[in-house]
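First up is the structure itself, then whatever we jot down about it.
Just so it is clear, none of the values below were taken in a lab; they were calculated from the coordinates. In this text, all values refer to a predicted model and were calculated from it rather than measured experimentally. Neighbour counts run over all protein chains shown; Cβ positions are idealised from the backbone, glycine included.
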Amino acid sequence: MNFWFELLQSILQIAISPTTAAFVLAAIGLNVHFGFTGLMNMGQAGFMLVGAYGFGVSVSYFGLGFWTSILIAIGAAVIFAIILGIPTLKLRGDYLAIVTIAAAEVLRMVVKLAVLQDVTGGPSGIPGNKYRPVFTELSPLPDGKTTILGLTYANTGVDDWWTRIVAWGIVALFILITWLLIRSPWGRVLKGIREDEDAVRSLGKSSYAYKLQALILGGIMGAFGGIVMALPAAMQPDSMGRPMTFNLWMIVLLGGAATIFGPLLGSILFFVVRLLLTSLAGEFIPSSLLNTQQTEQLAWVLIGLALILLVVFRPQGVLGNKKELSFNV
């Protein structure tokens, strides 16, 4: 009985964690790129890295304040989107995917350069204590700890309620923004580009400009995901590499591409299912058969199989609609 109670508590913890919120934010941005516009962006982790390091370097190296650093992070994401988008958005399908993943990897390698050790921290990244204080200083919460639904955290600190409140508040804001934009004429043009770009151009709309706007918007959301991901822990370039992008694609496909709440549901399911698999395997499978590392690997194998079955039998995802699966790629 104690195992099941602890498991339920762990599920609740991971469902509201800042890391889950960071994945939701990045997945919302990827959904704007792929789900609503049809852009095969395989470099969303690059936008997360740009946002995180734009914020972290501004605080730790240049000594700037929180809001100025946030604006610099947003500006860095916009510049990266423009540099990436101007020469590549005329590409389609696999070609765009190859260019975007290459750009994200180039960016990660540049951040890891030893010559930039003093600025970016090189391969080790930037410790959280160098940039987190400007965020914790904004907390209006009193000192001490608070227990909600059986979960006890410090009000303000490293693993705290303040980070969770801000992270999920940003998630709610971006979900609302996405909902409003997709219901607008601008959003309907994006869907038109996704389904038949030539038809949109025949109506006098610049598909190139709209795709660049979508790339910028989704990139900014990804940048905020990188910032939120780095706030509770540290800033490390390898944590925002190819596996991150692949996990984001899994989340979007799981929740449902071209849906408003798909990234939210997909992120929570992704982390909860992985937790369930590792916890149940650790409890009921003897350690002589599977150790902790093997259990984690088994969880990834089962998640991969589940994704294959999902794509085969329900390609629209949990919340998706088959009518939204027409892509002009």
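Based on other C-beta atoms within 10 Å, arrange TYR95, TYR53 from fewest to most.
So the ranking, lowest neighbour count to highest, is TYR95, TYR53.
Work out which helices of the chain, taken as complete DSSP H runs, extend at least 27 Å along their axis over the Cα atoms and score a mean Kyte-Doolittle of 1.0 or more, then list them.
Helices passing the filter in the chain: 66-88, 161-183, 207-230, 262-284, 292-313.
Can you give the calculated 222 nm mean residue ellipticity of the chain, where each DSSP H run of n ≥ 4 adds -39,500 (n - 2.57) and the sum is split over every residue, rounded to the nearest 500 deg cm²/dmol?
Theoretical 222 nm ellipticity from helices: -21500 deg cm²/dmol.
Using per-residue counts of other Cβ atoms within 10 Å, averaged over each peptide, order 223-235, 56-68 from highest down.
Ranking, from highest mean packing down: 223-235, 56-68.
Mind checking Rg over Rh on region 14-241, alpha carbons, Kirkwood formula for Rh?
Taking Rg over the Kirkwood Rh, I get 1.01.
In nm, what is the difference between 0.36 nm times the number of residues separating LEU302 and GLN9 and their Cα-Cα distance?
Computed gain between LEU302 and GLN9 is 103.2 nm.
Computed from the mean reciprocal separation of all distinct C-alpha pairs, what Kirkwood hydrodynamic radius does region 22-141 have, in Å?
Hydrodynamic radius (Kirkwood, Cα pairs) of region 22-141 is 15.4 Å.
Rounded, prolate or oblate: which fits region 137-198, taking a ≥ b ≥ c as square roots of the Cα gyration tensor eigenvalues, rounded meaning a/c under 1.5, else prolate when a/b beats b/c?
Because a/c hits 1.5 or more and a/b exceeds b/c, region 137-198 counts as prolate.
Check the chain and count each lysine pair with an alpha-carbon distance under 16 angstrom, considering only pairs eight or more places apart or from different chains.
The number of close lysine pairs in the chain is 6.
For region 29-72 and region 273-305, what is the separation of their Cα centres, given in Å?
After rounding, the separation between the Cα centres reads 33 Å.
Fully extended, how many nm does the chain gain between ARG183 and ALA154 (0.36 nm per residue separation, minus their Cα-Cα distance)?
6.5 nm
Report the relative contact order of region 14-241, percent, no decimals, based on alpha-carbon pairs under 8 angstrom and at least 6 residues apart.
The value is 43 percent.
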